[in-house]
Amino acid sequence: MIKFNYYAALILISFYFAGCSNEDVNEQKLKLEDLHFINDELAEKIALNLNVGQLKAKSSSDLLANEISDISPIEDENCESLFYIINYKDGGFVIISADNRTTPILAFSDHNKFSLDGEDYPSGLVNWLSNTKNGIQSIRIDSIEQTPGIKQEWDNLLNQVSNETVALKSSRDVESRIEPSSGCENELEIIEPLVSTKWNQDSPFNTLMPIITCNGRPFKALAGCVPIAVA
């Protein structure tokens with residue numbers, strides 16, 4: 001499996017370094033003052049109140065226990081924020097949508113940091129970032145309406161954020177959502193990793209792999225996602 005270094009770097013650069021001056025950003029922000037745009041202040045408030053980590057209930061005095069390391073708005077070519085990558089000081093990150101017509105929490109982790117250096121992104125992550133960007137852009141271009149289910153997700157999240165910490169459920173916790181329009185009850189069970197071992201495709205797992213060249217750069221071939229998954 002070959003790293004898509006060049007492609008990943010281009011995608012991240014196109015998101016993050018859109019060549020926008022402060023004036024451009026301010027002008028575009030004025031256009032986004034509508035019911036669907038989630039600004040960085042609200043995204044930060046949501047991130048501060050999310051209970052990412054041990055999933056222990058916090059009292060109101062502990063709401064600011066989450067300290068944010070950095071917030072990176074990922075923008076399109078028009079300097080419009082698509083989503084926010086938010087890293088925590090003590091590890092972990094959350095990716096929050098900048099449009100309330102998509103699910104609020106796009107991704108999260110209770111450990112590690114989401115790097116903005118796209119050189120070492122695996123192809124799956126490159127595709128996910130690209131698809132997420134294109135999806136939010138399509139919603140805006142086509143003026144897609146917010147669905148009842150997505151509205152309920154945002155309403156629940158913002159109501160909880162205004163009152164107490166929101167726990168991102170893990171392990172065998174079950175979260176039930178009822179959509180008023182359907183009258184059906186949906187159950188979502190999120191299961192955390194069953195083993196503590198952390199695997200990767202590079203060193204030391206690819207020690208016996210040959211040296212190959214990609215884009216003029218020699219490097220040791222990756223072990224491959226299928227052998228690692230089987231292992």
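All of the numbers you see were taken from the coordinates with simple rules; none came from a lab. If you're wondering where the values come from, they're calculated on a predicted model, not measured in any experiment. Neighbour counts are summed over all protein chains in view; Cβ atoms, including those assigned to glycine, are modelled from backbone coordinates with ideal geometry.
At-a-glance table
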| quantity | calculated |
| --- | --- |
| Extension gain, Cys225 back to Ile212 (0.36 nm per residue minus Cα-Cα distance, nm) | 3.0 nm |
| Entries in Lys45/Lys133; Lys133/Lys220; Lys45/Lys151; Lys89/Lys220 that, when Cα-Cα distance is taken, lie over 26 Å | Lys133/Lys220; Lys89/Lys220 |
| Projected label distance in nm at Glu77 and Asp34, using a 7 Å step from Cα toward the beta-carbon | 2.0 nm |
| Calculated FRET value between Asn200 and Asp155, using beta carbons and R₀ = 22 Å, to 0.05 | 0.05 |
| Taking Lys89, Lys198 and counting other C-beta atoms within 10 Å, the order from fewest to most | Lys198, Lys89 |
